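The values are calculated or read from the model by the stated rules, or taken from the named source; none is laboratory data. The structure presented is a predicted model; accordingly, all values stated were derived computationally and were not measured. When we count neighbours, we look across all protein chains shown, and the Cβ atoms used for this are built from the backbone with ideal geometry, even at glycine.
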């Protein structure tokens, strides 16, 4: 059944270009202010992993997996798929702070917000991600899934694996 005219849902995705990231962490700042009202990057829904010794920075956010492990393990079903936005969300009123979702995620997302006592994750700011809006280097973009190439995604995954594998192991 086609969507009702005027109610088409665009399911965009957050794309990260690590080659453009400068490590400024403005995305963390903007996110923390948007969600908590305070300048506290520890409470951000996006995190910038930094390898300062080689000058490599990688923003990490929820991948909004189709079969999200975080949603599968949530005992209260606070973590669930929002089909209208095409993202996995956490209902803070249902979250009991058990951290099961944090442990289940292969990407290290969601995060546990200590002051709130709940798990949190990126929900694309309801379809208008502020991290993208304020990213001056252009490392973050919010695009239709068909706009990114599988090759670029594969190259990024290989870089991440290379950075996480200690030299000498598996060589």
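The single residue among 114, 77 that is out of contact with any strand residue (DSSP E or B) (no Cβ under 9 Å at 6 or more places or on another chain) and on the phi > 0 side of the Ramachandran plot turns out to be 77.
The criterion of being touching a strand residue (DSSP E or B) at 6+ places or on another chain (Cβ under 9 Å), surrounded by 15 or more Cβ atoms within 10 Å (Cβ to Cβ) and either at pLDDT 95 or above or farther than 19 Å from residue 123 by Cα (or both) does not hold for residue 31. When residue 83 is tested against (1) closer than 15 Å to residue 108 by Cα; (2) out of contact with any strand residue (DSSP E or B) (no Cβ under 9 Å at 6 or more places or on another chain), only condition (1) is not met.
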